[in-house]
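A short write-up of the structure that comes next.
The values are calculated or read from the model by the stated rules, or taken from the named source; none is laboratory data. Quick caveat: nothing in here was measured; it's all calculated off a predicted structure. Cβ placement follows ideal geometry from the backbone for every residue including glycine, while neighbour counts extend to all protein chains displayed. Surface accessibility is based on the protein's heavy atoms, side chains included, excluding ligands, DNA and RNA. Shrake-Rupley method; radii C 1.70, N 1.55, O 1.52, S 1.80 Å.
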Amino acid sequence: PAVAPKASKLSPTSLYPGSKTQLRNLHGVTRMDVHLITLQSFAKHSIRRIGGCVSARAVKVITSARSKEELMQERDAWWLEIRDEMKMSARSMRCNAVIGYTEYVSLYEDLCILSASGTAAFLDFSALGFNMHEDGDRRRRKRKANP
């Protein structure tokens, strides 16, 4: 019979194969790296796993007593909240991207309804021709010229 290791000998990687430690070691992805990608079709073998559908919605009240610049800053903050929620949902499914990402806005009098949707997925960025760096920067791989 197999003997289970003692709890003190277990690491997050041994408990959860897709844990953040293993993701960082194998794919150069840190816990915070979730990318919102608007593309809907991908190269063969670039999607390793589908996590599921993710969406976020918010209803905000627009106050007219503010300057145009303040309203723009407030609107940008609302979208950042929506995007962060999308990333958290994808991260909870152990995915590194939201593909087919779309944003919608509806206005009615002084109400603003923001919504975003997409599909959480674990992508192999190297299959897409990108090298992922520790700082989250994506750089296109240089292709070798054919002799």
Using heavy-atom solvent-accessible surface (probe 1.4 Å) with all chains present, what is the largest-first order of 103, 74, 109? 109, 103, 74
Find, among the trypsin sites (Lys or Arg not before Pro) in region 29-122, those assigned to loop by DSSP (not H, G, I, E, B) with at most 15 other beta-carbon atoms within 10 angstrom. 31, 44, 66
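What area, in nm² and to one decimal, does the C-alpha convex hull of region 35-124 cast on average over all directions?
Hull-based average projected area comes out at 6.2 nm².
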Sum of side-chain charges, residue 114 neighbourhood, beta-carbon under 13 Å (Lys, Arg +1; Asp, Glu -1): -2
